[in-house]
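Bear in mind that the values in this text are calculations on the coordinates, not laboratory data. Note that this is a predicted model, so its numbers are computed, not measured. Heads up, the Cβs are rebuilt from the backbone with ideal geometry, glycines too, and the neighbour counts pull from every protein chain shown.
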Amino acid sequence: MADDKRLTPRAEDFSAWYNEVVLRAELADYSPVRGCMVIRPNGYGIWERMQRVLDAMFKATGHQNAYFPLFIPESFLHKEAEHVEGFAPEVAVVTHGGGKKLDEPLVVRPTSETIIYAMYAKWVQSYRDLPVLINQWANVVGWDMRTRLFLRTLEFLWQEGHTAHATHDEAEAEARTILGLYREFAEQYMAMPVVTGLKTDAERFAGALRTYAIEAMMQDNKALQAGTSHNLGQNFAKAFEIRYLDQTGVLQHCWTTSWGLSSRVVGAIIMVHGDDQGLIVPPRLAPVQAVLVPIFKNDEEKAAVVPAAKTVFEDLTAAGIRAKLDAREGVTPGFKFNDWEMRGVPLRVEIGPKDVAKQSVVLARRDRPGREGKSAAAVGGLAEVVTKLLAEIQAALYQRALAFREAHTVETGDYNELKAGVENGFVLSYWCGKAACEERIKEETKATLRCVPLEQSGGGRCVSCGEAAREKGLFAKAY
Ligand SMILES: [Zn+2]
């Protein structure tokens with residue numbers, strides 16, 4: 001490849017590298033509408049795999065999908081005081097329709113609590129109607145001024161779950177169950193280690209009692225919130241009058257939860273696993289897991305190699321491997337190698353004339369570029385070898401991301417060490433629980449208290465004020 005095609009190295013300018021990968025791997029493109037994005041088939045293919053995995057997890061835990069309208073009466077947003085305060089600044093409002101000014105403006109959903117709970121109020125009458133366990137796959141709009149492909153865009157895709165329960169404990173269990181699913185999804189499928197924790201009052205969802213989140217470290221050492229799960233208490237149930245008659249005939253307000261994970265996690269895949277050659281997609285989420293590249297110099301070689309490659313393609317496909325045969329004419333194998341490396345396909349299968357003669361192929365791992373990641377394998381039983389190798393790549397990506405996070409995490413009780421630590425990654429420090437200490441750290445270091453991790457032990461002194469503290473906070477600069 002020509003030099004001008006080289007990606008900006010991550011170490012030189014991470015942000016430029018990220019944008020170049022998104023564009024050159026054809027994951028997304030800028031849209032004619034400023035701040036919006038077009039998700040191209042390569043990017044959408046990853047999102048589709050994610051959807052399938054999550055959707056199966058939600059259904060296995062008793063949830064069903066439904067769909068609610070894009071437009072929400074503006075007055076709905078005002079029913080929950082904290083909620084409107086949190087969302088009003090970034091809401092898009094429709095004032096005209098059918099050539100007329102509307103009697104009541106319509107908000108383009110920034111999230112759907114209000115319209116969904118207006119419906120739950122209608123549907124829930126008795127304890128027998130509970131729990132309500134609904135998810136929706138949708139687009140939402142938040143008028144963000146500092147946009148970034150996948151990470152922050154005016155419109156983005158997500159799933160939002162909304163559940164209603166009879167008791168606080170059931171709602172709390174639901175919020176925690178979903179947090180566990182998000183963790184499993186991030187770690188087992190995205191190969192991305194996450195910290196699960198509770199958000200502080202300053203960072204929790206507008207209108208929630210408690211917000212839980214998963215936080216991951218990107219390769220520029222910054223944190224990315226990759227999914228949130230909220231116990232909304234009775235705040236929305238009271239605002240929207242979601243009530244039920246309990247077993248003793250007493251009218252009670254429900255307890256609700258909401259939880260969401262958005263297409264920004266496609267950006268996380270890029271930032272956690274990508275390298276200076278481009279994207280690396282974990283095999284379990286890769287639309288193409290293995291790409292076959294036939295190698296030949298003349299028609300005679302082609303006549304031997306291409307049919308052999310087709311047979312291998314059929315064998316892999318029959319074994320459930322998402323394979324692709326790159327039979328493009330007019331481009332060199334070297335060009336194809338670089339092209340698929342950029343797109344992040346986890347495994348390349350090379351088939352040349354010598355390989356055909358030996359009844360073998362060369363396998364090249366995307367996560368280990370160069371000779372180190374290459375191995376030969378016999379055509380007989382290849383599907384089994386590839387399946388095993390894909391699992392190895394999946395595990396290796398997770399381990400590499402985990403080792404990276406551990407190498408960039410410090411635990412300290414010293415304020416100066418915290419200040420230095422957040423320049424280089426995550427810092428775990430005891431925090432007294434006071435907003436003033438959280439605010440001071442944010443002001444002086446630009447790092448936020450990402451969450452109070454669920455896994456805690458012992459107690460200590462607040463890193464900021466020195467007072468007794470029961471829990472450690474996770475501090476980091478964040479996207
Ligand atoms: Zn303190």
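Some points to look at:
- Under 5 Å from the amide H of residue 148 lie the amide H atoms of 153, each residue being 5 or more positions distant or on a separate chain, with H modelled from the backbone and absent for Pro and chain starts.
- The ratio of the alpha-carbon radius of gyration of the chain to the globular-protein estimate 2.2 N^0.38 Å is 1.10.
- Of all aspartates and glutamates in the structure, those lying under 12 Å Cα to Cα from residue 238, and not within fewer than 8 positions of it along the same chain, are 80.
- Between residue 122 and residue 234, full extension at 0.36 nm per residue minus the direct alpha carbon distance yields a gain of 38.7 nm.
- About its Cα centre, the dipole of segment 408-479 is roughly 120 debye, where the only charges are +1 on Lys and Arg Cβ and -1 on Asp and Glu Cβ.
- Given charges at beta-carbon only (K, R positive; D, E negative), |dipole| of the chain in Debye: 660 debye
- The chain: angle of helix 333-343 to the longest principal axis, Cα-based, in degrees nearest 10: 10 degrees
- Partners for residue 79 among aspartates and glutamates (Cα-Cα distance below 13 Å; same-chain residues under 8 apart left out): 113, 241
- Acute angle (nearest 10 degrees) that the helix 14-24 long axis makes with the longest principal axis of the chain, alpha-carbon atoms: 60 degrees
- Whichever lysines have a C-alpha closer than 28 Å to that of residue 302, once near sequence neighbours (fewer than 8 apart) are set aside: 310, 324, 336, 354, 358, 374
- For segment 162-174, putting each phi into the Karplus relation 6.51 cos²θ - 1.76 cosθ + 1.60 with θ = phi - 60° gives couplings of 9, 10, 10, 9, 7, 9, 4, 5, 5, 5, 5, 4, 5 Hz, in residue order, rounded to whole numbers and with x for Gly and Pro.
- Three-way shape label, segment 24-110, alpha-carbon gyration tensor, a/c 1.5: oblate
- Taking every C-alpha pair closer than 8 Å and separated by at least 6 residues, the mean separation divided by the residue count of segment 135-212 gives a relative contact order of 19 percent.
- Taking every alpha-carbon pair under 8 Å whose residues sit at least 6 apart, the chain reaches a relative contact order of 14 percent.
- Note: relative contact order over segment 178-286, using C-alpha pairs below 8 Å and six or more positions apart, is 23 percent.
- Counted charge near residue 479, where neighbours are those whose Cβ lies closer than 10 Å (Asp, Glu -1; Lys, Arg +1): +4
- Rounded tilt (10° steps) of 264-273 against the dominant C-alpha axis of the chain: 50 degrees
- Spatial separation of Cα centroids for segment 400-432 and segment 268-295, in angstrom: 29 Å
- Computed 3J(HN,Hα) for segment 320-331, one whole-Hz value per residue from the Karplus formula 6.51 cos²θ - 1.76 cosθ + 1.60 where θ = phi - 60°, is x, 8, 7, 10, 9, 9, 8, 9, 4, 9, x, 10, glycine and proline marked x.
- The chain: calculated mean residue ellipticity at 222 nm from DSSP helix runs of at least 4, using -39500 (n - 2.57): -11000 deg cm²/dmol
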